[in-house]
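Written below as structure tokens is the structure these notes are about.
The values are calculated or read from the model by the stated rules, or taken from the named source; none is laboratory data. Remember, it's a predicted structure, so these values are computed and weren't measured experimentally. Here the Cβ positions follow ideal geometry from the backbone for every residue, glycine too, while neighbour counts run over all protein chains shown. Surface areas here come from the heavy atoms of the whole protein model, side chains and all, with no ligands, DNA or RNA. Shrake-Rupley method; radii C 1.70, N 1.55, O 1.52, S 1.80 Å.
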Amino acid sequence: MSVEPDPSVVAGLDHWRTLDAAQQPAWPDADALNRVSDRLAALPPLVFAGEADALRAQLAAAGRGEAFLLQGGDCAETFAEATADNIRGKIMTILQMAVVLTYGASLPVIKMGRMAGQYAKPRSSNEETREGVTLPAFRGDIINGYEFTEESRTPDPQRLLEAYHTSSATLNLIRAFTTGGFASLLRVHEWNRGFMANPAYSRYEEIAAEIDRAIRFMAACGADFDALRTVDFYSSHEGLLLDYERPLTRIDSRTGLPYDCSAHFLWIGERTRQLSGAHVDYFARVQNPLGVKLGPTTTADDALALIDRLNPSGEPGRITFITRMGASRIRDVLPGLVEKVTADGRPVTWVCDPMHGNTITASNGYKTRRFSDVMDEVTGFFDVHHALGTVPGGLHMELTGDDVTEVLGGAEEIDDEGLARRYETLVDPRLNHQQSLELAFQVAELLRRH
């Protein structure tokens, strides 16, 4: 028996339209947008309310130190790269990292992809000018094309439908991979053995050998490896494009409450978390677990005000604060935030995004990051929480399963010239497969120390 929603709850889902909505495109044809919205609203949900509830409970456990979140994937997904090989590569990378982190933390690791919806990106300017020609900025495949032509850069509502169908296909493949034996613990461990064959990673041999002994011990004890053949894998993206999120919001028949069924977990970005803005108002009204990005200018009062708006009752697992401070600032800025939020008493899960605060421009003009800076911010995040007696709840990474060359350093010592070999991202640089695993081993060492 379904529960009828309160009419005021349904009406409230459109209140954001009366507010300032940052980072939204200027759609040229309102009627075309309305037709697409109606079609999206009639399509099946991409995820289900019960799955979002299960994730909320797991994130609450991470906030208490009883689990650890690993969230990873592309800075911005593209339709062209939503291939079986690319999706499999990202899942492999996240699963491999998760095995290492599970052993290092002696905790279950929540596996979440920045996948199946990460098609929109905030931009610093609405326009881009090249050689005297000014066109709309590229805002992600869900809005317009990357090619610098008027036709490509004009926002097209039909892209919202393509995003839905591409996300649906991606989720279908994710579910097949994670429930059909591909994600088996034994298989993932064999992948990590391949990683360890590279002499550059010899420093991690001790942990890898311990994991190997643990798995052989489990096998000798008759462990049910069939039970370890499947994993829960959640989807997430930045809840940026409200014209996509609103029509994919559904009323849960069990409770009569709204869930954004475009993903299990949505986050509000640093550029759209204005307390009086459209994004905070909209996401305050849906039941999904939510993330909020907090940059180095965030005050403790800002954080508390966000809790007041998004989780006034203090429901565990509802709010994840994703800090993106930069390696040079995290040890100075984060303690004051964590202390005051902790003193408030309402539960928050703290997660580190060590990518966005460490972006630089290489000598040859490539937008990049240093692996050492990424790892230093993670270390600072753990150090702050250790000093305060609070819980470092997880990592939020931009990564790919491919052997791209977009981030400097790591054991492979990618330098400025090396960036040109396989620099493929259209927006932000990502850790490649090897760098992602290297980071996982280093974080496992941190988890064991703390």
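Tabulated data
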item	result
Estimated 222 nm signal from helices in the chain, with DSSP H stretches of n ≥ 4 weighted -39500 (n - 2.57), rounded to 500	-12500 deg cm²/dmol
In order through the stretch 388-395: 3J(HN,Hα) via Karplus (6.51 cos²θ - 1.76 cosθ + 1.60), integer Hz, x for Gly, Pro	8, x, 10, 10, x, x, x, 10
Fraction of antiparallel bridges per DSSP, the chain only, in percent to nearest 5	25 percent
The chain: relative contact order as a whole-number percent, Cα under 8 Å and 6+ apart	22 percent
Heavy atoms of Y366 accessible to a 1.4 Å probe, total area in Å² rounded to 10	70 Å²
The stretch 187-232 - percent of accessible surface contributed by carbon and sulfur, probe 1.4 Å	51 percent
Additional length obtainable on full extension of the chain from W191 to T230, 0.36 nm per residue less Cα span	12.4 nm
Peptide ranges 406-419, 318-331 listed from the most packed, as the mean C-beta count within 10 angstrom indicates	318-331, 406-419
Modelled FRET efficiency - R0 41 Å, T361 with S253, Cβ distances, 0.05 increments	0.20
Mean-position separation - Cα centroids, the stretch 141-182 and the stretch 318-345, in angstrom	33 Å
For the stretch 421-438, Karplus couplings with θ = phi - 60° (6.51, -1.76, 1.60), whole Hz, Gly/Pro x	5, 9, 9, 10, 5, 8, 10, 10, x, 10, 5, 7, 4, 5, 4, 5, 5, 4
Across K340/K367; K111/K293; K111/K367; K293/K367; K90/K340, pairs whose alpha-carbon gap is larger than 25 Å	K340/K367; K111/K367; K90/K340
Accessible surface, the chain, averaged per residue in Å² (probe 1.4 Å)	40 Å²
Label-point separation in nm, T299 to A209, each point 7 Å along Cα→Cβ	5.4 nm
Extended-chain gain in nm, criterion 0.36 nm per residue less alpha-carbon gap, R421 and T342	23.9 nm
Anisotropy class of the stretch 120-254 from Cα gyration tensor, a/c 1.5 cut	oblate
Gyration tensor (alpha-carbon) shape descriptor, the chain, a/c threshold 1.5	rounded
Accessible-area composition of the stretch 300-450, carbon plus sulfur, in percent [1.4 Å probe]	44 percent
Euclidean distance of C-alpha centroids, the stretch 67-114 and the stretch 202-263, integer Å	8 Å
The stretch 237-284 shape via C-alpha gyration tensor axes, a/c threshold 1.5	prolate
Heavy atoms of K111 accessible to a 1.4 Å probe, total area in Å² rounded to 10	40 Å²
